[in-house]
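The next block holds one structure in the form of structure tokens; read it before the comments.
The values are calculated or read from the model by the stated rules, or taken from the named source; none is laboratory data. If you're wondering where the values come from, they're calculated on a predicted model, not measured in any experiment. Positions of Cβ are generated from backbone atoms using ideal geometry, with glycine treated the same way; all protein chains shown enter the neighbour counts. Note: areas computed on protein heavy atoms with side chains; ligands, DNA, RNA excluded. Shrake-Rupley method; radii C 1.70, N 1.55, O 1.52, S 1.80 Å.
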Amino acid sequence: MKLPLGFQFAGVSTGIKSKPGARDVALVVSDQPCTIAGVFTTNQVVASPVVISRTRCPGQNLRGIVINSGNANACTGDQGYADAQQMCSLAAEAVEKQSGVSVSADQFLVMSTGIIGHHLPMNKIEKGIYSAAENLCRSEDGFMATSDAIMTTDLTRKIGHRSMIISGKEFAMVAMAKGAGMIGPKMATMLGIIVCDVPLTSEQAQVMLQYAADRSFNCISVEGHMSTNDSLVLMSPAPDSHSSPIDSNDLMRFRDVLTELCIELAKMIPDDGEGATHLMEIEVSGSSSDEDATAIAKNVAMSNLVKTAIFGGDPNWGRIVSATGYAGVPIVTNALALSLNGYDLFAGGQPLKFDAKAVSRSIRENRNTLIKLTVGDGDGRATHWTSDLGC
């Protein structure tokens, strides 16, 4: 894995999590003031770290992110807000001590994830931040330690990377995410951090990140429960006299790479959904707009009857067709068609003959389940990923 130039990573154990030795405090730090963009939860009940971080995004004079897991610092009142601010101050002090370069608290974003309604153990947090600053490094080990430190109920790390050539120069992009439960559309119980060494203005970074999020992390669900702490951040070098911002053509290429990487990580979240046995991919085409297609895909994904059918290996097309019909957007019923794992079950608004045992076997024997829906002859299309629902 090629790491972006100019960034350091660290993840350490402080005892916030109950599992001995589990990493729970992390830092991602830029050598120089950098560009940061962010997309955050749309829940009205929002954790203090999000309140602070979203006021600093987008920005072009940031130095890094300080993160803790095991405690969400959500619904913790004035004390929680003061604790989140203190995390930024401690990160700035610790990084300044290590680098010898002046750093201020408002140059840090803060993220927390874990149990809601408990105040942070600030004595452990403080020790952890200073320990993380002492362990900052540019190695893959440091990146992996950071990805471990942001996890809560995740069974596995969620990481990815890409390389791209822009104007004859190779650039790197790495990403990490966490999330397994309380996953609902328009952000989920997740943290996501993407770091690249492509110079971007804050405006470019924000537009690119929102575009990618709308096609990835905003298109996943497990049980539809929106969280209080969801944060997705993109870090990149700020353009200067030595590195101009990329042009419009290169920016589109960057957008495509970023979106592809975000989709890769986003799919890992419902695939790791708590209790999940299947990753369901719902593709909708033929609607009058992408927005209508999105509404249909999400409605099918959120149907508990559809989820339980997939869990049981039941090719119950009626549940899927019904969920399509009550999504609240127009469809052409006599053009409605459905396939499941490549088997055609419904077309022209009526059922087809199919081998139910073969379709059931295809569901049971494969982790991934692909549901394709055609709802008319329009240009609108969308994809949503979700998990099944068991006992």
key: Counted residues, the stretch 303-326 - those being of a type in the set (D, E, K, R), under 29 Å from the mean Cα position of the chain (by Cα) and over 14 Å from VAL222 (Cα atoms)   = 1
key: Subset of the stretch 353-391 (residues that are over 22 Å from ASN299 (Cβ atoms) and acidic (Asp, Glu))   = ASP355, GLU365
request  = Run LEU5 past the list (1) open to solvent by 40 Å² or more (accessible area, probe 1.4 Å); (2) without any contact (Cβ under 8 Å) to a residue 40 or more places away in the chain; (3) among the aliphatic types (A, V, I, L, M) and report the number of the one that doesn't hold.
outcome  = (2)
key: Residues satisfying the stated conditions in the stretch 62-79, i.e. open to solvent by less than 20 Å² (accessible area, probe 1.4 Å) and over 30 Å from GLY100 (Cα atoms)   = ASN71, ALA72, ASN73, ALA74, THR76
message = Looking only at the stretch 354-381, count every residue that is exposed (fewer than 13 other Cβ atoms within 10 Å of the Cβ) and within 26 Å of ALA327 (Cα to Cα) and tell me the total.
response = 2
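A quick yes/no check of all residues on (1) buried (at least 21 other Cβ atoms within 10 Å of the Cβ); (2) farther than 21 Å from ALA72 by Cα; (3) in contact (Cβ under 8 Å) with a residue 12 or more places away in the chain:
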| position | (1), (2), (3) |
| --- | --- |
| VAL101 | no, yes, no |
| LEU109 | yes, no, yes |
| GLY117 | no, no, yes |
| ASP141 | no, yes, no |
key: All positions within the stretch 31-61 that are among the basic types (Lys, Arg) and either buried (at least 22 other Cβ atoms within 10 Å of the Cβ) or in a loop (DSSP other than H, G, I, E, B) (or both)   = ARG56
key: helices (runs of 4 or more DSSP H) enclosed by the stretch 234-346 - at least 3 residues per element that are within 25 Å of LYS158 (Cβ to Cβ) and open to solvent by less than 60 Å² (accessible area, probe 1.4 Å)   = 248-271, 290-302, 304-311
request  = Could you list, in sequence order, all residues of the stretch 92-129 that are in contact with a Pro (Cβ under 8 Å, 6 or more places away or on another chain) and part of a helix (DSSP H, G or I)?
outcome  = GLN107
